[in-house]
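Here is the structure we will look at, set down as C-alpha cells.
No lab work stands behind these numbers, since they all come straight from the coordinates. Bear in mind that the values here come from a model prediction, so they are computed numbers and not experimental data. Don't worry about glycine lacking a Cβ; one is built from the backbone with ideal geometry, like all the others, and counts go over all protein chains shown.
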Amino acid sequence: PYLDQCGLVLIMSVEPGFGGQSFIESSLDKIKQLKSMIPADTILSVDGGIAMDTIAETAGAGANYFVVGSAIFDQADYSTAVSELAAKARNQAASST
C-alpha cells in the first residue's frame, strides 16, 4: 500500500551481515515481482552479491541501481571494475526494454 510513495526500494540479495557473500538466485523473482508493483520512476536497488556474473541478470530482472562492494574493491583497478559492471548492466537493461 505504500510502494507508490517510495522513491527507492531496496532488495537484499544476500543474508545481511558481511561482504563477499554469494548472490541468492531467488532474489531475481523478488526483483521481477517488485518491479511490476512500483511506479516506473521508482528506483529499484539491489544490495548483495552483485558481481560480473550477476549484474546483467539482475538488471534484466528490473533492477536499476546496484550496491556493489567486493566486485569493485577486490580488484586492482577500481575504475575498470566499475566501468565493466556498468556496461554489463546498461547492455542488459537496453536489451530488456
For segment 32-43, which positions are over 12 Å from the mean Cα position of the chain (by Cα) and either of a type in the set (Val, Ile, Thr) or loosely packed, with under 15 Cβ neighbours inside 10 Å (or both)?
Gln33, Ser36, Met37, Ile38, Pro39, Ala40, Asp41, Thr42
Residue identified as more than 15 Å from the chain's Cα centre (by Cα) and surrounded by fewer than 17 Cβ atoms within 10 Å (Cβ to Cβ) among Asp77, Asp53, Asp29
Asp77
Test set (1) outside any strand (DSSP E or B); (2) in contact (Cβ under 8 Å) with a residue 24 or more places away in the chain - Ala76 fails condition number:
(2)
For segment 27-73, what are the residues that are in a strand (DSSP E or B) and farther than 14 Å from Gln92 by Cα?
Ile43, Leu44, Ser45, Val46, Asp47, Val67
